[in-house]
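One structure is given here, and the rest of the page talks about it.
The values are calculated or read from the model by the stated rules, or taken from the named source; none is laboratory data. Predicted, not measured: the structure shown is a model, and the values here were computed from it. Here Cβ is always computed from backbone atoms with ideal geometry, including for glycine, and neighbour counts include all displayed protein chains.
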Amino acid sequence: MQYLPKFLAHRSTPAPVSRWRCALFLGVLVFPTLLVAQTYSADNPVPILTGNAGFFTNVQAGKAEIVSEINPVILVPLGDHWLIEARGEFEGDFQRKDWGDGPYGGQVGKELNYLQADYIVSSSVTVTVGRFLTPFGIYNERLYPIWIRDLQSTPLIFPIGTGSSNGAMFRGGFPLNAKVNLNYATYFSVSSTNNTLDSDRTAGGRAGLFFPGPRIEVGASWQKLLQKGRNNGFGFHFAWQPTPLPLNLRSEYARSNLGSGYWIEAAYRLSQIRTWNKFMRRAEAVGRAQQLFAGQITEDDAAEYGLPALNTHEADFGLNYYLQDGLKAAASYGRQFSADGNFNLWNVGVAYRFALPLGRTELQ
């Protein structure tokens, strides 16, 4: 079997989720935190329940889908050097049973994105053990949550090299000189076929250079499969926030046996427009161009892991409006082109970010 990194398998073939399994999954995330929270004093940081939730309508090639999603995140600090953190994902995908006429129906998928213990050795080294987000590129770790991402659809190349890993990771950053900082992550993952904790046996890492003056980051990622085909994957990323403009410019390139491709995305906050400034400063315009070249995988594997089976390119345009702190509305339009045919993609919905302390503390 060819190399297929584990990638949110519930998106492709979700199994029905019974009530007791959902309760057990939430218990794994929440109960240890509530237990620890009771032992915290006013002099210590308290655990936090945070995350985001969203409700979206997607229309692809004329077929509508309703998506509801919640991603709870637990943060439990233990003293000055330890942090326990976890993130779950519950997503319901509902479509009409009969084309255009029947009621909406579907299943709820679940995923444990990470459950890890971090030990802060120093300001430049953190050791992580457990299940963590695979440090490949920048989208998986930094941009994936629905509250953060500028376009709700993930890039075409997102399944390449990303997902979650089970093992150990070293990461950190430090200045090389006054004008450039180095950030790094290196990891080893064991193989697991458990539906909730699935991962491949891999090793890899990522390194980036950040230039504070121009606010530019460039970096590269590498991944080696240590089983089956022993394939290699690699990628590059670029990010820029120019000082004179409220602009975020990001791009990634990735290549493995799954395929190769790139995406480039620009998000511009309309705060500099003077006309209707009270309204415009809350709005953000987004554009993305991307292309994927199909790899050495079958059509069934491509469908299972959310990859196009043929060479594909796509253009997307969107608008985000921040209604208030923690609540935004999003809408986008895209057009996808491939040998299978061309079609439109529409998306509209809302995303909400929340943060709740699970304990009491006092301001000094």
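Some observations on this one:
- Restricting attention to segment 177-229, the residues that are touching a residue at least 12 places away in the same chain (Cβ under 8 Å), of a type outside the set (Asp, Glu) and assigned to a loop (DSSP other than H, G, I, E, B) total 15.
- Considering residues of segment 297-324 that are out of contact with any strand residue (DSSP E or B) (no Cβ under 8 Å at 6 or more places or on another chain) and surrounded by fewer than 16 Cβ atoms within 10 Å (Cβ to Cβ) only, the residue farthest from GLY161 (Cα to Cα): GLN324
- Condition met for SER18 (surrounded by fewer than 12 Cβ atoms within 10 Å (Cβ to Cβ), of a type in the set (Gly, Ala, Ser) and modelled with pLDDT under 50): yes
- Cβ-Cβ under 7 Å pairs, at least 6 apart or on other chains, segment 261-278 side farther than 23 Å from GLY161 by Cβ, far side charged (D, E, K, R) and part of a strand (DSSP E or B): ALA267/GLU284; TYR268/GLU284; ARG269/GLU284; LEU270/GLU284
- Number of the exception - ILE120 against (1) in contact with a Ser or Thr (Cβ under 7 Å, 6 or more places away or on another chain); (2) under 23 Å from PHE354 (Cα atoms); (3) of a type in the set (A, V, I, L, M, F, W, C); (4) surrounded by fewer than 19 Cβ atoms within 10 Å (Cβ to Cβ): (2)
- Which numbered condition LYS110 misses (of (1) crowded, with 21+ Cβ neighbours inside 10 Å; (2) touching a helix residue (DSSP H, G or I) at 6+ places or on another chain (Cβ under 7 Å)): (1)
- Some residue of segment 157-171 being more than 30 Å from ALA294 (Cβ to Cβ) and without any contact (Cβ under 8 Å) to a residue 12 or more places away in the chain: no
- Hits in segment 240-252 (condition: touching a residue at least 40 places away in the same chain (Cβ under 8 Å) and either assigned to a loop (DSSP other than H, G, I, E, B) or surrounded by fewer than 20 Cβ atoms within 10 Å (Cβ to Cβ) (or both)): ASN248
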